[in-house]
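To keep things clear, I will list the structure first and then write my remarks on it.
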Amino acid sequence: MCSSDLLNPVTRVAELLEGLSKKVAADGEAEQELYDKYKCWCTKVINSKSSSIEANNLRISELAAYIDDLTNGRVELTGERAQLEKEIKDLEKAIADAEAMREKEHEDYLAAKDEMDKAIAALTEAVSVMAAGAPVGLAKVSTELKHAMDVGEGFLSKRDVDGLSKALDVPEVDWKKLNREATFKQNYTSRSGKIQDILSDMLQTFTDNRAEAVTAEETAASNHANLMTAKNSQLSASKQALLDKAGENGARAESLAESEAEKTNLEEQNTRDETFLADTKTSCQTKADEWAERKRLRTGEVAAISQALGVLRSDDARDLFKRSFDNDSFLQVDR
């Protein structure tokens with residue numbers, strides 16, 4: 001016969017209650033572990049979503065301020081303005097420098113032309129005098145001829161300059177003597193042919209140089225006009241580009257579109273996250289309330305079982321059960 005068969009019914013009930021108490025405690029521990037994991041998940045999700053929403057709100061505020069700055073032109077994305085302003089400044093300086101240089105060149109040309117005109121006038125008169133065989137007339141323009149030689153020193157031949165210088169260095173008294181001797185005067189024209197050639201060559205050289213100077217001045221003026229047309233056209237284009245700021249406006253429009261799209265996406269994400277967060281908080285609170293009620297009921301179960309065991313194992317209960325089991329009398333209450 002098994003030892004369990006020797007147990008009385010009260011002992012068996014007590015053992016069943018003890019087993020039930022252990023099972024209730026084990027179930028409670030298992031459920032507590034599951035609830036702790038769920039509570040941990042709730043905390044992580046709520047913290048994560050709250051941080052994400054907060055970060056998104058900060059970014060949304062930054063984007064809103066940035067979009068406002070872009071829209072009102074308080075921020076520039078490219079160096080186009082600075083580049084165009086520098087280009088305009090450089091062009092204006094280049095134009096001013098070119099104008100000043102052209103003005104100086106023109107002034108130099110006028111001065112040089114005036115000198116050559118005077119030299120040509122003096123040489124023309126000298127050639128005329130020499131052709132007429134009047135040496136006294138040459139003396140009248142000697143000052144102008146010397147000035148012409150100074151002007152033409154850079155392009156006249158040294159031999160011609162030296163020859164004419166010697167002719168002009170004859171003392172004035174010699175001209176008077178020549179005037180008194182008719183035979184010498186008659187031979188003057190033929191004997192002065194070399195001087196006449198020098199004067200004619202000098203006159204031609206001055207005339208050619210003046211023509212070249214005039215042509216060069218006309219060419220320089222034309223080139224300057226073309227340069228100014230090109231520079232002013234470029235300056236106008238740069239100023240218009242500064243007004244249009246196509247590159248800046250394009251970059252601004254692109255950045256504005258990207259910023260507005262990002263802002264919209266973040267706002268929509270926050271709307272979804274806030275809904276999810278609210279639902280999660282509600283679910284977690286509901287589960288917390290349910291768990292609190294479950295713990296209360298289990299605590300009551302454990303207390304009831306403990307109380308029952310205490311009753312069954314008390315001395316009074318044992319004596320009562322012993323007397324009941326020892327008494328073999330049977331009372332039939334109802335049939």
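Could you rank GLU15, GLU218 by how accessible they are, 1.4 Å probe, largest area first? Intermediate values should be presented prior to the final figure.
Values: GLU15 95, GLU218 115 Å².
The residues order as GLU218, GLU15, largest area first.
Would you work out the charge dipole size for the stretch 13-95 about its Cα centre, treating the Cβ of every Lys and Arg as +1 and the Cβ of every Asp and Glu as -1, and quote it to the nearest 20 debye?
Roughly 100 debye for the stretch 13-95.
Can you tell me the length gained on complete extension of the stretch ALA251 to GLU29, counting 0.36 nm per residue apart and subtracting the Cα distance?
Details: separation 222, 0.36 × 222 = 79.92 nm, distance 6.33 nm.
Gain in length upon complete extension: 73.6 nm.
When Lys and Arg each count +1 and Asp and Glu each count -1, what net charge do the other residues less than 14 Å away from LYS287, Cβ to Cβ, add up to? Provide the component values of the computation, followed by the final result.
Numbers: positive: LYS37, LYS39, LYS281, ARG294, LYS295; negative: GLU31, ASP36, ASP279, ASP289, GLU290, GLU293.
Once all neighbours under 14 Å are counted, the net charge is -1.
Using heavy-atom solvent-accessible surface (probe 1.4 Å) with all chains present, what is the largest-first order of HIS147, HIS224?
Details: HIS147 80, HIS224 30 Å².
Greatest to least solvent exposure: HIS147, HIS224.
Ignoring any ligand, DNA or RNA, what whole percent of the accessible area of the stretch 18-108 comes from carbon and sulfur when the probe is 1.4 angstrom?
Here carbon and sulfur together make up 56 percent of the probe-accessible area.
If packing is taken as the average number of other Cβ atoms within 10 Å across a peptide's residues, how do 78-84, 210-216, 199-205 rank, most packed first? Before the final figure, lay out each step's value.
Details: 78-84: 14.7, 210-216: 12.6, 199-205: 18.9.
Highest to lowest by the protection proxy: 199-205, 78-84, 210-216.
To the nearest 10 square angstrom, how much accessible area does GLU31 have with a 1.4 angstrom probe?
The accessible area of GLU31 comes to roughly 60 Å².
Solvent-accessible area per residue for the stretch 71-113 at a 1.4 Å probe radius, Å²? Provide the component values of the computation, followed by the final result.
Values: 3030 Å² over 43 residues.
Per-residue accessible area for the stretch 71-113 comes out at 71 Å².
Give me the number: length gained by fully extending LYS118 to GLN307, i.e. 0.36 nm times residue separation minus the C-alpha to C-alpha distance, one decimal in nm. Before the final figure, lay out the partial values.
On the way: separation 189, 0.36 × 189 = 68.04 nm, distance 14.45 nm.
Gain on extension, LYS118 to GLN307, equals 53.6 nm.
The values are calculated or read from the model by the stated rules, or taken from the named source; none is laboratory data. Keep in mind that what you see is a predicted model, and the values were worked out from it rather than measured. Neighbour counts are summed over all protein chains in view; Cβ atoms, including those assigned to glycine, are modelled from backbone coordinates with ideal geometry. Only protein heavy atoms, including side chains, enter the accessible area calculation; ligands, DNA and RNA are left aside. Shrake-Rupley method; radii C 1.70, N 1.55, O 1.52, S 1.80 Å.
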